[in-house]
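Structure, as structure tokens:
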Amino acid sequence: MNNVLNYFPEKLKKILEEVIIKENLVLEEIRVRVGKPIILKFNGKEKVIKYQVSSEEILEILGLICENSIYTYQKQISEGFITISGGHRVGITGSCVVKNGEVININYINSLNFRISRQLYSCSNQVLDYILDIENNTVENTIIISPPGCRENYNFKGYS
């Protein structure tokens with residue numbers, strides 16, 4: 001978690017650390033929007049931190065994410081997210097610059113959404129019998145579809 005908080009200015013980092021440590025939160029997302037409170041998402045719940053983020057702070061965070069070389073990250077920015085150390089993703093919103101039907105840049109960035117990656121143990125146990133062909137020592141062609149952050153325990157139905 002500390003590697004994610006290192007992308008925040010010192011003032012915001014201290015505020016976030018205090019709340020996260022005090023409440024022992026295992027975060028899934030940190031939402032930072034200009035003129036709005038910070039929202040922490042954890043265990044399907046949300047905690048609102050009553051601190052309004054300025055556009056300057058958003059730009060400072062973006063600078064830290066891009067190692068002060070936004071041009072180097074232009075392709076990722078135009079895709080709407082940047083992958084940072086640890087496999088975490090930072091979603092970016094603002095005004096899109098479109099050329100020939102393709103987003104080539106995002107200007108006036110007003111929101112950053114940090115999606116915290118983490119390993120989920122044993123989450124595939126329910127599907128292994130359907131995708132592993134033990135007899136032939138192969139794996140079946142497989143696509144698994146799920147909403148982001150889905151934790152529901154659905155009854156899995158394999159299809160051949």
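The values are calculated or read from the model by the stated rules, or taken from the named source; none is laboratory data. Note that the coordinates shown come from a computational prediction; the quantities given were computed from them, not determined experimentally. Don't worry about glycine lacking a Cβ; one is built from the backbone with ideal geometry, like all the others, and counts go over all protein chains shown.
The residues of segment 107-160 that are of a type in the set (A, V, I, L, M), over 29 Å from Ile65 (Cα atoms) and either modelled with pLDDT of 85 or more or not in a loop (DSSP other than H, G, I, E, B) (or both), listed by number, are Leu128, Ile131, Leu132, Ile134, Val139.
Among the residues of segment 43-65, not a single one is small (Gly, Ala, Ser), in contact with a strand residue (DSSP E or B) (Cβ under 6 Å, 6 or more places away or on another chain) and either surrounded by fewer than 12 Cβ atoms within 10 Å (Cβ to Cβ) or closer than 27 Å to Ile145 by Cβ (or both). Each residue in segment 2-28 was checked for being crowded, with 17+ Cβ neighbours inside 10 Å, within 20 Å of Leu62 (Cβ to Cβ) and in contact (Cβ under 8 Å) with a residue 60 or more places away in the chain, and 3 of them qualify. Report whether or not Ser78 is over 17 Å from Phe114 (Cβ atoms) and either in contact (Cβ under 8 Å) with a residue 40 or more places away in the chain or in contact with a Lys or Arg (Cβ under 6 Å, 6 or more places away or on another chain) (or both). It is false that Ser78 is over 17 Å from Phe114 (Cβ atoms) and either in contact (Cβ under 8 Å) with a residue 40 or more places away in the chain or in contact with a Lys or Arg (Cβ under 6 Å, 6 or more places away or on another chain) (or both).
Scanning segment 27-49 for residues that are touching a Phe, Trp or Tyr at 6+ places or on another chain (Cβ under 9 Å) and either farther than 15 Å from Ser111 by Cβ or of a type in the set (Lys, Arg) (or both) returns Leu27, Glu28, Arg31.
Residues of segment 20-45 being in a strand (DSSP E or B) and farther than 22 Å from Ile84 by Cβ, which ones?
Of everything in segment 20-45, just one residue is in a strand (DSSP E or B) and farther than 22 Å from Ile84 by Cβ, namely Lys45.
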